[in-house]
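*Asks:* Following this message is one structure expressed as structure tokens.
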Amino acid sequence: MRLEALIAGAGRVVEGDAQLDAAGVCYDSRRVQPGDIFFAMAKDPDRNQTHIDEALSRGARAVVMRRWSGASRPAATLIESEHPRLLMAKAAARLFNWPSRQLELIGVTGTSGKTTSTWLLASIFEAAGEIPGVIGTLGIRIGDRHIPTELTTPESVDFESAMAEMVRKGVRRAAAEISSIGLAEGRVDELNFRACLFTNLGRDHLDYHGSVDNYFGAKLRLFSELLARSRHPEAAAIAYTGDPYGRRILEAAPRRKVSFDLQPGADVYPLRCELGLNGIRAAVRIFDKQIDLESPLLGKFNLLNILGAVAVSVALGIDVDAVVEGVRRCPGAPGRLEVVARPNGALVMVDYAHKPDALAAVLEALRKLAPARIICVFGCGGDRDRGKRPIMGEIAARMADVPLLTSDNPRTEDPLAIIAQVEAGLIGAGRVRGSGGYLVEPDRRAAIGLALSMARAGDMVVIAGKGHEDYQIVGTRKFHFDDREVVRDFLRSQQEDGGA
């Protein structure tokens, strides 16, 4: 495609040929192919120039950047843009022929529940006889194919490329997690949404956004701006109105609005429900209809995820029988309150809860299942929002019988310093370090083993923070580490020792 057509209306050529044919669009200098347009987006000028130099050495025919700062002009076309990432989104949509206009794209945003909601929707699509498409934290799913990704909401080039493949494979509907950072950076600004779902709002990404107001403002854009300009005549906003931010979402949304809640008064709500160790059973009112649902998922927060997925499905016009079957057959997303083992009458689960609201929701859900004790292994990641650390400690102190504090992904911070900051919340809640209060084991593998060795019949062990992740980041290195594997290895070794 001609460079001039790709950047029309959003970039200024300052050097070179605007009529050249572009082979592709790329933002990672390590992945540039000959003939590509390279978008330089690093904030640090020196790092940006290094990326540009590498991209040119790999054969980039054009470079888009804010300002050229090199010593000499290269033998390539140079384009200046105040917002290279926004221009890249336009170029990617044009290059792949606007695939979000060729399928029904459902955007899911919120602090918690995004991944499970997209998996529920995919299961419902599949029950309706469709090929499911999913984009999110766990990667890209196109039917049975899985493509790993590093970002919850991919950069626009990867997003558009994935949707283009979905269109080729016959995907009719796709559900995508839309993160606040993805919204703030404009990665999804050129997408055409059929419907958007808001799950809830808690504390997250304040290291990036600076305040809860900014964090919410980023999510609000999905409804007030992006959904508002959808080309679909029946574009719909769906929100949980038990959260005041959900009510604000619907107030700002200009198109069709669908509410869900645990209480009467919403468009979708449960008339009655049973939450047990075997899952959820509920009679749900949907406008003027009633349906009976069964799900293997656990806890009240998963009931909310189900209600949200049901509300979206109704807005899309999916047959009720497919909705019921899709909910019934969905096992949940990997690492989301995933049951790993049931040793000696105990229940061992892993969950991705690494935010205060998510941890509180998981512990509340487990408490309502009447366990003998809740043993909670948890920690906080490094190089992220430090303000949430004592809050996480306070939540574990208040809601778990045995809080067991350990390391998460310390990254470049001192793991013991992170633990001390979380521990302040435990102490402030009146807990005393020791067997009767809370425990500390910085080594995550040893902490999981300690929790399992303590578990008795009727106990629930929840290992929180990493969920589906199969790595641990220490310093700048990433090591293989999967909480689920550690649990299975420990229990296997226990059996072998017992057999010996």
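The values are calculated or read from the model by the stated rules, or taken from the named source; none is laboratory data. Model, not experiment: these values are computed from the prediction. Note: ideal-geometry Cβ built from the backbone for every residue, glycine included; neighbour counts use all protein chains shown.
*Asks:* Going through R492, R398 one at a time, which residue ends up being more than 14 Å from H354 (Cα to Cα), in contact (Cβ under 8 Å) with a residue 12 or more places away in the chain and of a type in the set (D, E, K, R)?
*Replies:* Numbers: R492 fails: in contact (Cβ under 8 Å) with a residue 12 or more places away in the chain.
Answer to the selection: R398.
*Asks:* So, one more: Could you please find all residues in region 377-391 being assigned to a loop (DSSP other than H, G, I, E, B) and either in the same structural domain as S211 (by TED's automatic domain parsing) or buried (at least 23 other Cβ atoms within 10 Å of the Cβ) (or both)? Explain how you work it out, then say what you get.
*Replies:* Filtering region 377-391 down to residues assigned to a loop (DSSP other than H, G, I, E, B) leaves 379-387.
Result: G379, C380.
*Asks:* Looking only at residues that are in contact with a Ser or Thr (Cβ under 7 Å, 6 or more places away or on another chain) and in a loop (DSSP other than H, G, I, E, B) in region 67-111, which one is nearest to F301 (Cα to Cα)?
*Replies:* Within region 67-111, the match that is nearest to F301 (Cα to Cα) is G110.
*Asks:* Also: Give the residue that is nearest to P296 (Cα to Cα), with candidates limited to residues of region 341-372 that are aliphatic (A, V, I, L, M) and assigned to a loop (DSSP other than H, G, I, E, B). Steps first, please.
*Replies:* Residues of region 341-372 aliphatic (A, V, I, L, M): 341, 346-350, 353, 358-363, 365-366, 369-370, 372.
Now drop any that are not assigned to a loop (DSSP other than H, G, I, E, B), which leaves 346, 353, 369-370, 372.
Working: A346: 18, A353: 19, L369: 14, A370: 17, A372: 21 Å.
Residue satisfying both the conditions and the ranking: L369.
*Asks:* Could you please let me know if V362 is within 19 Å of E469 (Cα to Cα), in contact with a Leu (Cβ under 6 Å, 6 or more places away or on another chain), buried (at least 20 other Cβ atoms within 10 Å of the Cβ) and touching a residue at least 12 places away in the same chain (Cβ under 8 Å)? Lay out the reasoning, then the answer.
*Replies:* Working: within 19 Å of E469 (Cα to Cα): yes; in contact with a Leu (Cβ under 6 Å, 6 or more places away or on another chain): no; buried (at least 20 other Cβ atoms within 10 Å of the Cβ): yes; touching a residue at least 12 places away in the same chain (Cβ under 8 Å): yes.
No, not satisfied.
*Asks:* Determine, yes or no, whether A228 is touching a Pro at 6+ places or on another chain (Cβ under 8 Å) and touching a residue at least 24 places away in the same chain (Cβ under 8 Å).
*Replies:* Numbers: touching a Pro at 6+ places or on another chain (Cβ under 8 Å): yes; touching a residue at least 24 places away in the same chain (Cβ under 8 Å): yes.
Yes.
*Asks:* Considering only region 104-144, state which residues are over 19 Å from R329 (Cα atoms) and surrounded by fewer than 18 Cβ atoms within 10 Å (Cβ to Cβ).
*Replies:* Once the filter is applied, which keeps residues that are over 19 Å from R329 (Cα atoms) and surrounded by fewer than 18 Cβ atoms within 10 Å (Cβ to Cβ), region 104-144 yields only G139.
*Asks:* Considering only residues that are aliphatic (A, V, I, L, M) and farther than 20 Å from P334 by Cα, look in region 453-472 and name the one that is surrounded by the fewest Cβ atoms within 10 Å (Cβ to Cβ). Break it down into steps so the answer makes sense when it comes.
*Replies:* Filtering region 453-472 for residues aliphatic (A, V, I, L, M) gives 454-455, 457, 460-464.
Subsequent filtering for residues that are farther than 20 Å from P334 by Cα retains 454-455, 457.
On the way: M454: 16, A455: 22, A457: 10.
My answer is A457.
*Asks:* While we're here: Output the number of the condition that E190 fails; it satisfies all remaining conditions of (1) closer than 24 Å to E469 by Cβ; (2) surrounded by fewer than 24 Cβ atoms within 10 Å (Cβ to Cβ); (3) of a type outside the set (A, V, I, L, M, F, W, C).
*Replies:* Evaluating E190 over (1) closer than 24 Å to E469 by Cβ; (2) surrounded by fewer than 24 Cβ atoms within 10 Å (Cβ to Cβ); (3) of a type outside the set (A, V, I, L, M, F, W, C) leaves (1) as the failure.
*Asks:* With a cut-off of at least 1 residues that are touching a residue at least 24 places away in the same chain (Cβ under 8 Å) and touching a strand residue (DSSP E or B) at 6+ places or on another chain (Cβ under 9 Å), name the strands (runs of 3 or more DSSP E) lying wholly within region 125-179. Please lay out each step first, then the result.
*Replies:* On the way: elements: 133-136, 139-142, 145-147, 173-177.
Strands (runs of 3 or more DSSP E) meeting the threshold: 133-136, 139-142, 173-177.
*Asks:* In region 237-256, which residues are over 21 Å from the mean Cα position of the chain (by Cα) and within 14 Å of F193 (Cα to Cα)?
*Replies:* Those that are over 21 Å from the mean Cα position of the chain (by Cα) and within 14 Å of F193 (Cα to Cα): A253, P254, R255, R256.
*Asks:* Let me ask something else about it. Quick check on region 260-282. Is at least one of its residues assigned by TED's automatic domain parsing to the domain that holds L201, under 28 Å from A235 (Cβ atoms) and within 22 Å of the chain's Cα centre (by Cα)?
*Replies:* yes
*Asks:* How many residues are surrounded by fewer than 19 Cβ atoms within 10 Å (Cβ to Cβ) and farther than 15 Å from R328 by Cα when one looks only at region 278-312?
*Replies:* 6
*Asks:* Among the strands (runs of 3 or more DSSP E) lying completely within region 8-53, list those that include at least 3 residues that are surrounded by fewer than 16 Cβ atoms within 10 Å (Cβ to Cβ). If you could, list the steps in order and put the result at the bottom.
*Replies:* Values: elements: 12-15, 24-26, 36-39.
Result: 12-15.
Conditions tested, residue by residue: (1) buried (at least 22 other Cβ atoms within 10 Å of the Cβ); (2) under 14 Å from H354 (Cα atoms); (3) touching a Pro at 6+ places or on another chain (Cβ under 9 Å).
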| position | (1), (2), (3) |
| --- | --- |
| K368 | no, no, no |
| I375 | yes, no, yes |
| G393 | yes, yes, yes |
| L404 | yes, no, no |
| A424 | no, no, yes |
| G428 | no, no, yes |
| L439 | no, no, yes |
| R444 | yes, no, no |
| A451 | yes, no, no |
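*Asks:* If I filter region 192-211 for residues that are over 28 Å from C380 (Cβ atoms), in contact (Cβ under 8 Å) with a residue 40 or more places away in the chain, among the basic types (K, R) and in contact with a helix residue (DSSP H, G or I) (Cβ under 8 Å, 6 or more places away or on another chain), do I get at least one hit?
*Replies:* Checking region 192-211: at least one residue is over 28 Å from C380 (Cβ atoms), in contact (Cβ under 8 Å) with a residue 40 or more places away in the chain, among the basic types (K, R) and in contact with a helix residue (DSSP H, G or I) (Cβ under 8 Å, 6 or more places away or on another chain).
*Asks:* State whether the residues of region 73-90 include one that is at pLDDT 95 or above and farther than 24 Å from Y208 by Cα.
*Replies:* Within region 73-90, one or more residues are at pLDDT 95 or above and farther than 24 Å from Y208 by Cα.
*Asks:* If I go through region 428-482 residue by residue, how many of them are in contact (Cβ under 8 Å) with a residue 40 or more places away in the chain, part of a loop (DSSP other than H, G, I, E, B) and touching a helix residue (DSSP H, G or I) at 6+ places or on another chain (Cβ under 9 Å)?
*Replies:* Summing the residues that are in contact (Cβ under 8 Å) with a residue 40 or more places away in the chain, part of a loop (DSSP other than H, G, I, E, B) and touching a helix residue (DSSP H, G or I) at 6+ places or on another chain (Cβ under 9 Å) in region 428-482 gives 10.
*Asks:* Evaluate the following for D489: is it part of a helix (DSSP H, G or I), surrounded by fewer than 21 Cβ atoms within 10 Å (Cβ to Cβ) and modelled with pLDDT under 95? Walk me through it before giving the result.
*Replies:* Numbers: part of a helix (DSSP H, G or I): yes; surrounded by fewer than 21 Cβ atoms within 10 Å (Cβ to Cβ): yes; modelled with pLDDT under 95: no.
No.
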